[in-house]
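All remarks here apply to the structure that follows.
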Amino acid sequence: MNKIKYLIVCFMVLLSCTKDNDDDIEQNLESYTLSKPIETGAVIACAASEKDTGDVLTFFYPEEGATNIRFYEIENELQDHEDYSNYKRIFIKSEPFFNGHLRKFTQASSSKEKWVIITFELDNEIKISNPIRIKHQTRPTVWTDEVTINQATPSMPVFSWQDNAAGDNAIYFQVISDAQNNLLSGTYTYESMFQYYNTNNVVLNVTTQLPPPSLISGNDYNFTLMDVSLDNWVNLVIIKSFTSQ
């Protein structure tokens, strides 16, 4: 009987150790990266503060076939954001954005700023975003509709906006969507101008349907712009509805 009790205790200890190790793999980004090959900077992601609630919205582009999407964050903003051992997994679910072409994580506003990283698995690799600096307290995102739309060329409007209006700009992300919020084109430029659908100044493209649908005269569409900093924080969001001419 004592021998049986001893075996049971040993089994429980072993089970506990195994669970601790599993938890570490689940919650620590550095440990997770040991399980498969990794590709850094491979997840397109950024974050902004919501205009009404101040909640933090972390956006990312899930490539086709992406699985096991994860959200990691540093508990203390003063910790080394390049050290993956400082990142702990947060078990929250992402939601569709632009009807699923992009996705977003939503976190309630708090007094704490931090760094976050988004990962997913694709082609038997762990894809990892660059660190995203959450600055909702010190630099809340500005929301506006101030954009100039020139429709001199039918179905190919030119959108232009004030360059570096909020300061600290690194790149611009622009989306053209229809009235049902379906993404028609998603592009990045360094210039404060984009023409639908002219990719001469586009430096990164997340448009899946190429070429994208032609704009139909008389139909309503939306223009969305994100002014993104070098640390992937969105300084400025522009949203403007327009009718194609």
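The values are calculated or read from the model by the stated rules, or taken from the named source; none is laboratory data. In this text the structure is predicted, and so the values were computed from the model without any measurement. Reconstructed Cβ throughout: ideal geometry from the backbone, glycine too, with neighbour counts over all protein chains shown. Accessible surface areas use protein heavy atoms only, side chains included; no ligands, DNA or RNA. Shrake-Rupley method; radii C 1.70, N 1.55, O 1.52, S 1.80 Å.
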Original post:
Is there any pair with a first residue in region 207-219 that is hydrophobic (A, V, I, L, M, F, W, C) and a second that is assigned to a loop (DSSP other than H, G, I, E, B) and open to solvent by 90 Å² or more (accessible area, probe 1.4 Å) whose Cβ atoms are under 7 Å apart and which are 6 or more apart or on different chains, and what are they?
Top reply: none
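I'm checking my understanding of the structure. Among residues of region 73-121 that are among the aliphatic types (A, V, I, L, M) and exposed (fewer than 12 other Cβ atoms within 10 Å of the Cβ), which one is nearest to Val234 (Cα to Cα)?
Result: Ala108.
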**OP:** Check off (1) surrounded by fewer than 18 Cβ atoms within 10 Å (Cβ to Cβ); (2) more than 20 Å from Arg103 (Cβ to Cβ) for Glu125 and give me the number that stays unchecked.
**Re:** (2)
**OP:** Tell me which residues, restricted to region 72-127, are more than 22 Å from Asp231 (Cα to Cα), touching a Phe, Trp or Tyr at 6+ places or on another chain (Cβ under 9 Å) and either part of a loop (DSSP other than H, G, I, E, B) or modelled with pLDDT under 95 (or both).
**Re:** Phe91, Ile92, Lys93, His101
**OP:** Could you please find all residues in region 197-206 being open to solvent by 10 Å² or more (accessible area, probe 1.4 Å) and touching a residue at least 24 places away in the same chain (Cβ under 8 Å)?
**Re:** Tyr197, Asn198, Val203, Leu204
Original post:
All but one of (1) at pLDDT 95 or above; (2) part of a loop (DSSP other than H, G, I, E, B); (3) open to solvent by 60 Å² or more (accessible area, probe 1.4 Å); (4) closer than 30 Å to Thr199 by Cα hold for Pro154; which doesn't?
Top reply: (1)
**OP:** Would you be able to tell me the number of residues in region 35-52 that are of a type in the set (S, T, N, Q) and modelled with pLDDT of 95 or more?
**Re:** 2
**OP:** Kindly indicate whether any position in region 191-209 is of a type outside the set (Phe, Trp, Tyr), modelled with pLDDT under 95 and over 19 Å from Ala48 (Cα atoms).
**Re:** yes
Original post:
Is there a residue in region 228-238 that is out of contact with any strand residue (DSSP E or B) (no Cβ under 7 Å at 6 or more places or on another chain) and under 21 Å from Leu57 (Cα atoms)?
Top reply: yes
Subject >> Residue in region 232-244 that is crowded, with 18+ Cβ neighbours inside 10 Å, at positive phi and not hydroxyl-bearing (Ser, Thr, Tyr) present >> reply: yes
Original post:
Counting just the residues of region 207-231 that are among the charged types (D, E, K, R) and within 20 Å of Ile171 (Cβ to Cβ), which one comes out least open to solvent (accessible area, probe 1.4 Å)?
Top reply: Asp227
Original post:
Does region 53-64 include one or more residues that are open to solvent by 50 Å² or more (accessible area, probe 1.4 Å) and over 21 Å from Asn182 (Cβ atoms)?
Top reply: yes
